[in-house]
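Engineer: Okay, handing you the structure first.
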């Protein structure tokens with residue numbers, strides 16, 4: 001028999017008396033007209049009857065006693081666990097207190113360190129005071145240690161060939177005068193050759209090179225010979241530029257000077273051997289005109305101080321022989 | 001209002017299952033730690049609760065243990081009972097929930113139903129069942145209850161229903177609760193009670209026919 005779940009549900013509600021009066025009337029109408037529904041109703045009623053007719057079981061007689069005993073047991077266990085909970089609670093509280101105290105101490109220590117760092121007077125760095133003919137006691141050590149690192153004596157020779165020896169000579173002499181290098185240079189005029197033996201500070205050499213850079217295009221060739229103890233023989237930099245010379249002499253040590261000079265020598269040699277050198281030279285000339293060697297200038301509110309003799313700067317001696325050769 | 005009239009009102013209320021004045025008094029006394037009242041409360045409900053639990057879980061020992069646990073829980077939580085539903089509904093909710101949770105946890109029931117499938121009924125039992133189910137018979141419920149073999153078949157068939165269906169059938173056909181109360185005990189919708197009960201009875205009919 002095919003069962004309609006909705007009819008089944010209605011019939012079950014009918015059996016259980018869970019229908020409204022209207023629904024009951026509807027079911028009764030269905031039952032009166034459909035024998036199958038009537039049959040289904042009987043089947044469901046028998047199911048209900050069969051389950052309902054199952055004998056009721058009785059609980060064990062000692063149920064009440066067992067419940068009481070169980071409650072007593074639980075109460076005891078509960079009390080024990082309460083005592084345990086209290087003890088563990090007290091322990092937990094103690095641990096928390098100790099941890100809180102440790103955290104507080106740590107915090108105070110950090111704060112104290114921070115405050116000390118901010119408030120505590122710092123040792124002022126020694127201020128160098130420049131005095132003519134005198135060196136302050138604090139200065140000696142600092143300068144000496146610094147000069148120890150910077151101590152170097154550069155020896156080199158710069159050979160410049162030009163077709164306009166007279167103009168170049170005039171320019172160099174004027175530059176020497178302008179840069180107050182008269183005391184540091186000893187010019188020697190020979191036939192078709194001028195030799196300027198320059199012994200000055202790095203700063204003085206830079207000033208001279210900056211000015212020479214302006215007329216560098218008047219030189220047909222420029223070769224720098226860097227004397228070095230490391231390599232035994234001088235490093236020769238052909239087709240050297242004023243900027244390259246400045247770069248070389250401004251290195252911190254003689255070894256670095258020699259290394260940089262070697263690099264430039266290699267670079268310039270490669271450049272000279274490249275095809276289309278004329279074009280490269282033209283480009284080089286144009287770029288050179290754009291890049292000018294920066295001339296050291298005084299900026300800001302700085303006051304010039306007269307450096308006492310025997311200072312660190314004196315230990316950075318630049319010995320450069322500039323040989324200007326005239327010719328076609 | 002006379003004392004007789006009061007008694008009548010109490011009786012009617014009690015019969016509707018909303019407020020049972022005895023329960024209210026017993027609960028109050030239990031809350032105050034009266035062990036006699038507690039014993040009265042247990043004795044009053046123990047058989048009904050045990051019977052329902054047994055019909056759901058099918059094992060007398062487990063049923064006894066679950067009944068005990070139910071009462072312990074009832075007494076421990078009496079202070080939380082607010083009286084929004086009747087004590088009877090509240091107590092049965094605890095009992096059925098404990099039992100259904102136990103059934104879900106315990107695979108023992110699964111073995112039981114497998115064992116039940118292996119039960120071979122003798123020809124007399126089958127004949128009795130056939131007679132009972134035949135369309136033209138009008139069996140007497142009292143006679144059915146007397147018949148041990150039919151009762152065994154009924155119990156076996158009941159155990160083949162799933163837990164939720166069995167709980168609805170037991171609460172309705174054994175405990176005699178109306179749909180609204182079943183919904184309250186099981187915490188489900190009234191419509192769910194109707195459909196679940198309908199499916200349970202339909203399945204029960206199929207199980208019984210399969211035995212034949």
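Where a number appears in this text, it was derived from the coordinates with a stated rule and is not lab data. Here the structure is a predicted model, which means the values were calculated and not measured. Neighbour counts run over all protein chains shown; Cβ positions are idealised from the backbone, glycine included.
Engineer: Determine, for B:30, A:47, the number of other Cβ atoms within 10 Å of each Cβ, and report the residues in order from fewest to most.
Structural biologist: B:30, A:47
Engineer: How do B:53, B:94 rank when sorted from fewest to most other Cβ atoms within 10 Å of their own Cβ?
Structural biologist: With the fewest neighbours first, B:53, B:94 line up as B:94, B:53.
Engineer: Now, a different point. On alpha-carbon atoms, Rg over Rh for the range B:33-88 using Kirkwood Rh?
Structural biologist: Here the Rg-to-Rh quotient is 1.00.
Engineer: Round to the nearest 0.05 the FRET efficiency obtained for residue B:131 and residue B:25 when R0 = 56 Å and r is the Cβ-Cβ distance.
Structural biologist: So the FRET efficiency works out to roughly 0.70.
Engineer: What ranking do A:61, A:235 get, fewest neighbouring Cβ atoms within 10 angstrom at the top?
Structural biologist: Fewest to most other Cβ atoms nearby, the residues stand as A:61, A:235.
Engineer: Another one. For A:16-24, what's the mean count of beta carbons from other chains sitting within 10 Å of each residue's beta carbon?
Structural biologist: That average works out to 2.
Engineer: Further question on the same structure: Using the Kirkwood radius built from alpha carbon pairs, what does the Stokes-Einstein equation give as D for the range B:107-212 at 25 °C and 0.890 mPa s, in µm² per second?
Structural biologist: My calculation gives 164 µm²/s for D.
Engineer: Related question: Hey, how many Å between the Cα centroid of the range A:201-261 and the Cα centroid of the range B:122-170?
Structural biologist: 119
Engineer: Give the dimensionless ratio obtained when the Cα radius of gyration of the range A:1-56 is divided by 2.2 N^0.38 Å.
Structural biologist: Normalised Rg, Cα atoms only: 1.16.
Engineer: Quick one: check the C-alpha center-to-center distance for the range A:43-75 versus the range A:1-38, whole angstrom.
Structural biologist: Cα centres, the range A:43-75 to the range A:1-38: 33 Å.
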